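The structure appears below as structure tokens.
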């Protein structure tokens, strides 16, 4: 969708002004408040899922590190004599 003033592609239909020329966008080009709220809610949900997945990945790495630390007799750094 293009700006009616400068005819360039609109960055976002959430903002009342064109990101290129600053021209005021007509109401029919902008998203309604409920649509903007729905987009923001979806972004929050995605962010929460990413944070949860990242936390789970960190926990799995830590568990794997603990398993490896306990399974190998010093991690291969020493001679085994001592």
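Computed from the coordinates by the stated procedures, all read-outs in this text should not be read as laboratory data. Here the structure is a predicted model, which is why all the values come from computation and not from measurement. Using ideal geometry, Cβ is built from the backbone for each residue, glycine included, and neighbour counts are taken over all protein chains shown.
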Working from Cα positions, state the angle (0 to 90°, nearest 10) between the long axis of helix 33-71 and the longest principal axis of the chain. 10
Compute the Rg to Rh ratio over the chain from the alpha carbon atoms, using the Kirkwood formula for Rh, and round to two decimal places. 1.50
Here FRET efficiency (C-beta to C-beta, residue 37 to residue 8, R₀ 35 Å, nearest 0.05) is 0.85
